[in-house]
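S.K.: Quick one: this structure, given as structure tokens, is what I'll be asking you about.
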Amino acid sequence: MSVWLPTSPCTPEACAGHAGSTASVPRAVLRLTAAVALILLGILGAPPVRLLPAGPRHTVVRAWAAALVRAFGIRITVHGSPGPEGGRLLVPNHISWLDIPLVAAAMPCRMLAKSDIRDWPVLGRLAGGAGTLFIERDKIRALPATVETITGALLAGDRVTVFPEGSTWCGRAQGTFRRAAFQSALDARVPVQPVRLAYLHCDGTPAGAPAFVGDDPLTASLWRIARARGVRAEVRLLPRIPPGRYAHRRDLAAAAQQAVLGASAPILLPGIPTQPATPSATDKDSANRPAASVHHWASSSPAAANSFRTPS
């Protein structure tokens, strides 16, 4: 792993336990079967769906993404309105690979993903068919081109989602928003849409089962989520930050983080070491050029399958 890549101190042992009731093994198998069927349907249906006009296409994508999340027994609540069409940079916090269909269920968009995902069985084809933007995760010199690619997509009127924390966090602890992705919004002069994601128990406390952190295997995460009961997902589409309000990506990133995560100090959890706030080598502003000091906002390598983006 490159030392400049952002990482999260969250671990499956400390963060991903499920304290609530569990579904039976047959029900969990049924949930996984339904999810696989929906993924295969998405792969087969992607080519004709791409031919639809934007309105009907977004309706189909929202319905499919919501069905995928619900297949795992997770109810979805969306607060806020997607607003008008047009280019927009969506910046949610990042907890799980489930964040990808969860965001799409509220607002269809293109995702940023690490290039490795193109080679994944089944999911790679699904990500490619969905118009995912792929990045070379471990090549820092490729990042300026990635920012240009995102800028081009925004200028073309696409909504693009990136996860600026740079890695998955458990939802109780949180990471710092990295600045690079925000340069694309500045260059394209499009709004930034902060999005707050949460997975909760019925009593409103954070649910650990969906967290996909550290070296958690994807298979273990799938089974843990399929067995969990009483989990709901909450999406809050927060007020958009209009273009021109901030001239520097540092200030824009800070404003988005304030909206999504708040200004409170990180929660200290047993078994999770604190993460120093020292900026990484590519997060410093010694060179204020759009593409010269961009920082990688994709997922950390300990969770190799964090999401279609980078997860990014």
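S.K.: If Thr219 passes every condition in (1) open to solvent by 20 Å² or more (accessible area, probe 1.4 Å); (2) part of a strand (DSSP E or B); (3) of a type in the set (Ser, Thr, Tyr) but one, which one does it miss?
M.R.: (2)
S.K.: Any chance the range 37-51 includes a residue that's part of a strand (DSSP E or B) and modelled with pLDDT of 90 or more?
M.R.: No: the range 37-51 contains no residue that is part of a strand (DSSP E or B) and modelled with pLDDT of 90 or more.
S.K.: Now a separate question. Please specify each residue of the range 195-216 satisfying the condition of being in a strand (DSSP E or B) and either more than 19 Å from Ala71 (Cβ to Cβ) or modelled with pLDDT under 90 (or both).
M.R.: Within the range 195-216, Val195, Arg196, Ala198, Pro206 meet the criteria.
S.K.: Of the conditions (1) at pLDDT 95 or above; (2) out of contact with any helix residue (DSSP H, G or I) (no Cβ under 8 Å at 6 or more places or on another chain), Ala19 fails just one. Which one is it?
M.R.: It fails just one condition, (1).
S.K.: What pairs come up if the first residue lies in the range 222-250 and is at positive phi and open to solvent by less than 50 Å² (accessible area, probe 1.4 Å), the second is among the β-branched types (Val, Ile, Thr) and assigned to a strand (DSSP E or B), and their beta carbons are under 6 Å apart, counting only those six or more places apart or on different chains?
M.R.: Close Cβ pairs satisfying both conditions: none exist.
S.K.: Then there is this: Need the failing condition index for Gly166 against (1) in contact with a strand residue (DSSP E or B) (Cβ under 8 Å, 6 or more places away or on another chain); (2) part of a loop (DSSP other than H, G, I, E, B); (3) of a type outside the set (S, T, N, Q), just the number.
M.R.: (1) is the only condition that Gly166 fails.
S.K.: Quick check on my filter: what residues within the range 33-92 are under 19 Å from the mean Cα position of the chain (by Cα), open to solvent by 40 Å² or more (accessible area, probe 1.4 Å) and of a type in the set (A, V, I, L, M)?
M.R.: The answer is Val61, Ala63, Val78.
S.K.: Taking the stated definitions as given, is Pro191 closer than 21 Å to Ala104 by Cβ and buried (at least 24 other Cβ atoms within 10 Å of the Cβ)?
M.R.: Taking the combined requirement at face value, the residue does not satisfy it.
The values are calculated or read from the model by the stated rules, or taken from the named source; none is laboratory data. Keep in mind that what you see is a predicted model, and the values were worked out from it rather than measured. Because the Cβ atoms are built from the backbone with ideal geometry, glycine has one as well, and the counts that use them run over all protein chains shown. The protein model used for the area step is the full one, side chains on, heavy atoms only, and it has no ligands, DNA or RNA in it. Shrake-Rupley method; radii C 1.70, N 1.55, O 1.52, S 1.80 Å.
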